[in-house]
Amino acid sequence: MKIGFIGLGKMGHAMASNLLKAGHEVTVYNRSPGKAEDLAARGARIARSVAEACRGEAVMTMLADDRAAEQVVFGEGGIVAALGKSAIHVSSSTISVALSDRLTEAHAKAGQRFVSAPVFGRPDAAAAGKLFVAAAGTEDALKDCLPLLEAIGQRTVVLSKVPSAANLVKLSGNFLAASVIESPGEAMALVGKGGIDRHAYLELLTSTMFPAPMYKIYGELIVEGKFEPAAFAAPLGHKDIRLTLAAAEDLRVPMPVASLLRDRFLTLFANGGENLDWSAIGGLAARDAGEVRS
């Protein structure tokens with residue numbers, strides 16, 4: 001397919017690379033053009049504007065937050081203004097449910113199609129093409145953009161004809177991931193202060209009751225205190241929890257654990273942790289307990 005890709009952060013760059021590997025004709029755009037140079041060396045075309053990236057059958061976006069997505073989509077020369085009739089905007093960004101509904105409406109009004117396809121996985125999974133894609137949109141749009149989703153992920157789960165359903169699922173998933181980070185952090189602070197070797201404790205947990213990769217990946221980061229460089233920056237995790245709470249408020253769903261997680265991120269930031277990986281909230285419990293780490 002002839003496609004555009006907008007947003008070349010750690011995740012977006014890896015996704016665009018895999019689209020090239022799959023044989024798609026890719027035009028990339030990023031506010032910092034330097035991030036596109038190695039992709040250009042592998043056959044990508046570098047667009048000078050958002051509009052130039054919207055001349056194909058589809059455009060994919062992987063942007064940091066609602067504000068960035070709004071600027072790219074609704075700004076002068078943005079996606080809505082530039083994308084052709086019946087072309088598809090595939091948004092893999094983790095954005096609010098409310099913005100996803102706005103995008104659906106705006107694209108429909110412009111005679112375009114919108115698919116929400118946020119992804120689960122860290123940058124290493126993105127680089128390996130092993131993301132899990134949560135997709136939602138009309139049947140025809142999903143069918144047409146399936147080759148793109150197959151190029152970036154190992155599995156695509158279609159959730160609904162309503163695009164924002166995928167965003168709600170993505171936010172709920174990131175809430176669960178943050179919960180996984182916080183809970184083992186508290187447990188490790190407890191056993192660590194009790195003199196138990198944290199590595200042995202993690203090995204016990206992840207080889208018995210909690211063998212899921214998420215416990216192994218984040219558990220190791222917490223045990224090692226290895227929160228830099230950030231694979232997923234803490235402010236992005238905080239943003240996702242805030243969006244989860246906003247969706248919960250709209251749906252009248254109490255989420256007390258999500259409120260706690262929001263406060264844990266604020267505690268992290270208050271102590272200078274804005275540049276750390278979001279897994280750093282898992283290290284707060286040991287600090288709160290006054291644990292001295294060797």
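The values are calculated or read from the model by the stated rules, or taken from the named source; none is laboratory data. Predicted model, so just to flag it, every value in this text is computed and none were measured. We place every Cβ from the backbone using ideal geometry, glycine too, and count neighbours over all the protein chains shown.
What to note about this one:
- Count of the stretch 222-279 residues, restricted to those that are among the β-branched types (Val, Ile, Thr), touching a residue at least 60 places away in the same chain (Cβ under 8 Å) and crowded, with 17+ Cβ neighbours inside 10 Å, is 3.
- Remark: Phe74 matches the filter, which requires a residue to be surrounded by fewer than 24 Cβ atoms within 10 Å (Cβ to Cβ), at pLDDT 95 or above, in contact with a helix residue (DSSP H, G or I) (Cβ under 9 Å, 6 or more places away or on another chain) and closer than 29 Å to Gly237 by Cβ.
- Test: residue in the stretch 129-143 that is surrounded by fewer than 18 Cβ atoms within 10 Å (Cβ to Cβ), under 14 Å from the mean Cα position of the chain (by Cα) and of a type in the set (A, V, I, L, M, F, W, C): yes
- Exclusive hit being modelled with pLDDT of 95 or more and closer than 15 Å to Ser100 by Cβ, set Ala69, Ala44, Ala82: Ala69
- Subset of the stretch 161-196 that is outside any helix (DSSP H, G or I) and in contact with a helix residue (DSSP H, G or I) (Cβ under 8 Å, 6 or more places away or on another chain) - its residue that is nearest to Ser93 (Cα to Cα): Pro163
- The stretch 10-55: number of residues that are among the small types (Gly, Ala, Ser), buried (at least 19 other Cβ atoms within 10 Å of the Cβ) and under 22 Å from the mean Cα position of the chain (by Cα): 6
- Across the stretch 179-215, the qualifying residues are those that are hydroxyl-bearing (Ser, Thr, Tyr) and under 25 Å from Asp263 (Cβ atoms), and the one among them that is nearest to the chain's Cα centre (by Cα) is Ser179.
- Pair list, Cβ under 6 Å, 6 or more apart: the stretch 81-110 residue under 20 Å from His238 (Cα atoms), other residue charged (D, E, K, R): Thr94/Lys170; Thr94/Asp240; Ile95/Asp66; Ser96/Asp66; Leu99/Asp66
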